[in-house]
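The values are calculated or read from the model by the stated rules, or taken from the named source; none is laboratory data. Keep in mind it's a predicted model, so treat the numbers as computed, not measured. Here the Cβ is made from the backbone with ideal geometry for all residues, glycine too, and neighbour counts use every protein chain on show.
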Amino acid sequence: MANILVTGGAGFIGSHLIRLMVNKYPGDHIFNLDALTYAGNAENLKDLEQAANYTFIKGDITDFTFLESLFDKHQFSGVIHLAAESHVDRSIANPMAFITTNVVGTVNLLNAAKNAWQDNYEGKRFYHVSTDEVYGSLGAEGYFVEETPYDPRSPYSASKASSDHFVRAWHHTYGLPIVVSNCSNNYGPYQFPEKLLPLMINNIRHGKPLPVYGDGSNVRDWLWVEDHAAAIDLIYREGLNGETYNIGGNNEWSNLDLVHKLCDVCDELLGRPAGSARKTITFVTDRPGHDQRYAIDATKLKNELNWEPQVQVEEGLRRTVQWYLDNSEWLENITSGAYRDYYAKMYQER
């Protein structure tokens with residue numbers, strides 16, 4: 001039985017990955033380390049509470065002493081590191097929180113793994129999950145590939161770029177067996193409602209304005225979260241040490257076109273007249289330093305590990321909207337309390 005540590009497993013992507021691994025590998029024990037900050041929600045994995053091969057641990061990756069004791073106790077053979085501050089708007093308002101968690105926290109994990117494994121790296125792996133935002137912004141053409149030079153434009157992407165560099169440095173300096181992946185925008189169930197799609201779905205439900213940055217022309221590549229989880233699992237098990245893999249959905253949409261599509265799906269599933277939601281779109285002042293376009297070339301992952309995305313946006317949007325409508329209590333709970341004030345200030349009052 002392998003003991004595998006997943007950090008940030010109570011978050012959006014992490015919860016999907018843990019559910020996949022717990023169910024797919026009953027012979028492995030999956031440990032979920034999460035600080036349960038505003039975007040971490042233990043309810044995301046309530047269905048696994050009785051699983052014999054799953055353990056939740058509340059803790060913070062910025063606490064190195066705690067991490068060392070954790071590695072000593074559980075003898076992890078692998079780490080899949082997703083824990084991060086991840087929202088660009090928040091990074092603009094409070095960059096130090098992103099530096100502390102994303103940079104210092106990652107280095108803490110690297111050192112804890114290095115110290116625990118003591119150069120005996122046989123069967124060990126440290127997998128760092130990152131973002132395509134580290135590459136900067138594209139024009140109308142071209143794609144991010146694994147060799148694209150880093151050019152981060154926000155405090156968030158700069159913190160992730162820094163953590164990527166530290167992971168690779170620990171590989172080259174200490175021989176730590178690592179893999180890195182950089183993914184495009186994820187969407188699907190359990191996503192925290194500061195993100196574009198759940199924000200819009202929630203506002204449509206309540207008849208509130210739909211804030212779109214600038215003129216809505218910014219383009220993103222959208223990746224169904226379960227496709228991403230499957231890619232992470234595959235890379236963790238079969239990727240080559242020291243390598244980077246880009247994970248993309250082959251689904252480029254401008255923000256405005258995507259919101260239009262989402263509006264139409266919501267109107268249909270809510271039984272409202274066609275075009276109702278589109279009328280509530282409101283253009284707001286653009287985000288500072290807003291990157292124009294991201295697009296991933298995932299050819300390496302396809303050619304080397306035979307991975308391709310399975311869900312296209314049209315299907316994924318319908319499944320996403322239906323999940324949020326079916327789980328309105330989850331949505332109400334997560335947007336209550338301390339977050340509600342932030343939520344109102346950042347979005348509803350623009």
Worksheet, complete the sentence: Selection over segment 319-329 where residues are in contact (Cβ under 8 Å) with a residue 40 or more places away in the chain and loosely packed, with under 13 Cβ neighbours inside 10 Å yields a count of 1
Worksheet item: Only one residue in Asn111, Asn115, Asn44, Asn53 is of a type in the set (S, T, N, Q) and in contact (Cβ under 8 Å) with a residue 60 or more places away in the chain, so which one is that?
Response: Asn44
Item to complete: Answer yes if at least one residue in segment 54-70 is at pLDDT 90 or above, in contact with a Leu (Cβ under 8 Å, 6 or more places away or on another chain) and assigned to a helix (DSSP H, G or I), and no otherwise.
Response: yes
Discussion item. When the residues of segment 125-166 are narrowed to those that are aliphatic (A, V, I, L, M) and at pLDDT 95 or above, which ends up farthest from Ala93 (Cα to Cα)?
Written reply: Val145
Worksheet item: Do we find that Thr299 is of a type in the set (Val, Ile, Thr), at pLDDT 95 or above and under 18 Å from Leu199 (Cβ atoms) in this structure?
Response: no
Worksheet item: Looking at (1) touching a helix residue (DSSP H, G or I) at 6+ places or on another chain (Cβ under 6 Å); (2) at positive phi, can you tell me which one Ser91 breaks?
Response: (2)
Worksheet entry | Which listed residue, of Arg287, Arg278, is in a loop (DSSP other than H, G, I, E, B) and either surrounded by fewer than 21 Cβ atoms within 10 Å (Cβ to Cβ) or not basic (Lys, Arg) (or both) | Arg287
Discussion item. If I go through segment 76-101 residue by residue, how many of them are in a helix (DSSP H, G or I) and under 15 Å from Leu33 (Cα atoms)?
Written reply: 1
Discussion item. So for segment 238-256 (the condition being assigned to a helix (DSSP H, G or I) and buried (at least 21 other Cβ atoms within 10 Å of the Cβ)), does at least one residue qualify?
Written reply: no
Response to the item:
Residue hits (segment 1-48; aliphatic (A, V, I, L, M), within 15 Å of the chain's Cα centre (by Cα) and at pLDDT 95 or above) are Val6, Ile13, Leu17, Ile18
Fill in: Residue that is modelled with the lowest pLDDT [pool: residues in segment 302-318 that are closer than 17 Å to Leu197 by Cβ and buried (at least 17 other Cβ atoms within 10 Å of the Cβ)]
Val313
Item to complete: Scan Phe66, Phe71 and give me the residue that is of a type in the set (Phe, Trp, Tyr), free of Cβ contacts under 8 Å to residues at least 40 places away in the same chain and within 24 Å of Tyr121 (Cβ to Cβ).
Response: Phe66
Worksheet item: For Asn111, are the conditions met, namely being over 30 Å from Val145 (Cα atoms) and either part of a loop (DSSP other than H, G, I, E, B) or more than 21 Å from the chain's Cα centre (by Cα) (or both)?
Response: no
Discussion item. Being among the hydroxyl-bearing types (Ser, Thr, Tyr), buried (at least 17 other Cβ atoms within 10 Å of the Cβ) and part of a strand (DSSP E or B) is the requirement here; does Ser181 meet it?
Written reply: yes
Item to complete: Output the residues belonging to segment 120-167 that are aromatic (Phe, Trp, Tyr), buried (at least 22 other Cβ atoms within 10 Å of the Cβ) and in a helix (DSSP H, G or I).
Response: Tyr135, Tyr156
Worksheet, complete the sentence: If you go through Ser86, Ser77, Ser91, the only one that is farther than 27 Å from Gln191 by Cβ and either over 19 Å from the mean Cα position of the chain (by Cα) or in the same structural domain as Ile235 (by TED's automatic domain parsing) (or both) is Ser77
